[in-house]
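First comes the structure, then the notes that go with it.
The values are calculated or read from the model by the stated rules, or taken from the named source; none is laboratory data. Values in this document were obtained by computation on a predicted structure and should not be read as measured data. When we count neighbours, we look across all protein chains shown, and the Cβ atoms used for this are built from the backbone with ideal geometry, even at glycine. These accessible areas exclude ligands, DNA and RNA; they are computed on the full protein's heavy atoms, side chains included. Shrake-Rupley method; radii C 1.70, N 1.55, O 1.52, S 1.80 Å.
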Amino acid sequence: MKKLVFKLIFGFIVLPAALAGTLFYLNENGFFNIRTVEVVLENPPAGQEQFLRPHVDRLEASLARYKGVSLWNIKLKKVSREVDALNWVEGLNIKRSWPTTLSVRVRPHEVKLLFMAKGGKLVPIIKDGTFLDPVESKQAPDVVLLDGESFVKKTELRKKAVDVVEQIPAEGSFSRKTISEIRYDNKEGFWMTMIKTGIQVKMGEDQVSLKSARVSQVVDYLESRQFDARVIDANLSKKVLVRLRKDP
């Protein structure tokens, strides 16, 4: 009976106390001080690494001030609020990686469009139409440009532009890769300019996926016949109207 009591006392009191004392001693002597702050991007959008790299570098530089702080004592909620406040961050997960690493996993927003601001800087736009901080052209991701002052103050119009471009195929004769810019007309809806030919495509505001497929077929036909088009009007119920450059 005495042996059982001794084992219980040792297992539930002495051993935990000794362990706690050891951890306290190690913590007080800097054993758990943060030496590495690890920032990892989760599922970064393809082709946007150049845009994200400076953001990651600035975040790592900002979090470097936590080096030397005990991993036991650091307030993860405070760090989480700090990172979550960055407008390019969509989601994050912060955890302690024992004994000396603070791990920050960040899910970045995907840039859907760019807006040309005054001074030549490009303003990234995310899925809800929000502007991010302006960037130089060398940092900007390869996405379609929005053109027109109507987009400056109207977040909902920018969001609508994102919805429209998302309905256009990523690949093909008429796709996000073949469009240089999008503009908006209050009466006629969205217009797009094709990169290689400069063809103006009138898309309107609805059934964009269906209209895109029709435009793609028309572009293939024009190229096969070597017709020089200047306007493709896809904003019609059942057909596509083409105006050639020689037309009045």
Open item on the list: How big is the dipole moment of region 33-108 about its Cα centre under a simple scheme where the beta carbon of each Lys and Arg is +1, that of each Asp and Glu is -1, and everything else is neutral? Debye, nearest 20, please.
Closed with: 420
- [ ] For LYS95, list the aspartates and glutamates whose Cα falls under 12 Å from its own Cα; do not include residues on the same chain fewer than 8 positions away.
- [x] GLU38
Task: Neighbourhood charge, 13 Å Cβ-Cβ cut-off, centred on LYS239 and excluding it, Lys, Arg +1 and Asp, Glu -1 - done: +3
TODO: Take every DSSP beta bridge whose two residues both sit in region 33-108, then give the antiparallel share in percent to the nearest 5.
DONE: 60
Open item on the list: Quick one: 3J(HN,Hα) in Hz for region 84-90, Karplus 6.51/-1.76/1.60 with θ = phi - 60°, rounded, Gly and Pro as x.
Closed with: 5, 6, 6, 5, 8, 9, 8
Task: trypsin sites (Lys or Arg not before Pro) lying in DSSP loop within region 173-241, provided at most 16 other Cβ fall within 10 Å - done: LYS177, LYS187, LYS196, LYS238, LYS239
Open item on the list: Restricting to DSSP H runs of at least four residues, report the calculated mean residue ellipticity at 222 nm for the chain, -39500 (n - 2.57) per run over all residues, nearest 500 deg cm²/dmol.
Closed with: -9500 deg cm²/dmol
Open item on the list: Per 0.36 nm of contour for each residue apart, how much would the distance between ASN73 and THR130 grow if the chain were fully extended, relative to their Cα-Cα spacing?
Closed with: 16.9 nm
Open item on the list: At 1.4 Å probe radius, can you tell me the per residue accessible area of the chain in Å²?
Closed with: 60
Open item on the list: Translational diffusion coefficient of region 33-108 at 10 °C, 1.306 mPa s, Stokes-Einstein with Kirkwood Rh over Cα pairs, in µm²/s as a whole number.
Closed with: 125
Task: Taking the C-alpha atoms of the chain, convex hull volume expressed per residue in Å³ - done: 191
TODO: Using only alpha carbon pairs under 8 Å that are at least six residues apart, calculate the relative contact order of region 33-108 and give it in whole percent.
DONE: 49
Open item on the list: I'd like the carbon and sulfur percentage of the solvent accessible area for region 46-156, probe radius 1.4 Å, heavy atoms only, ligands and nucleic acids excluded.
Closed with: 50
- [ ] Report, for the chain, the % of DSSP beta bridges that are antiparallel, rounded to 5.
- [x] 65
Task: Model label zone, PHE227; criterion: amide N under 19 Å from point 7 Å along Cα-to-beta-carbon; scope region 194-219 - done: 194-203, 211-219
- [ ] Round to the nearest 0.05 the FRET efficiency obtained for LEU236 and LYS177 when R0 = 22 Å and r is the Cβ-Cβ distance.
- [x] 0.35
Open item on the list: With θ taken as phi - 60° and the coefficients 6.51, -1.76 and 1.60, list the Karplus ³J(HN,Hα) couplings across region 213-225 in order, rounded to whole Hz; mark glycine and proline as x.
Closed with: 4, 5, 4, 4, 5, 5, 4, 4, 5, 4, 5, 5, 9
Task: Stretchable slack from LEU145 to THR100, in nm (0.36 nm times residue separation minus alpha-carbon distance) - done: 11.8 nm
- [ ] Compute the relative contact order of the chain as a whole-number percentage, counting only Cα pairs closer than 8 Å that sit 6 or more residues apart in sequence.
- [x] 12
Open item on the list: Residue by residue through region 76-83, what is 3J(HN,Hα) from phi via Karplus (6.51 cos²θ - 1.76 cosθ + 1.60, θ = phi - 60°)? Round to whole Hz and write x for glycine and proline.
Closed with: 5, 5, 5, 5, 4, 4, 5, 6
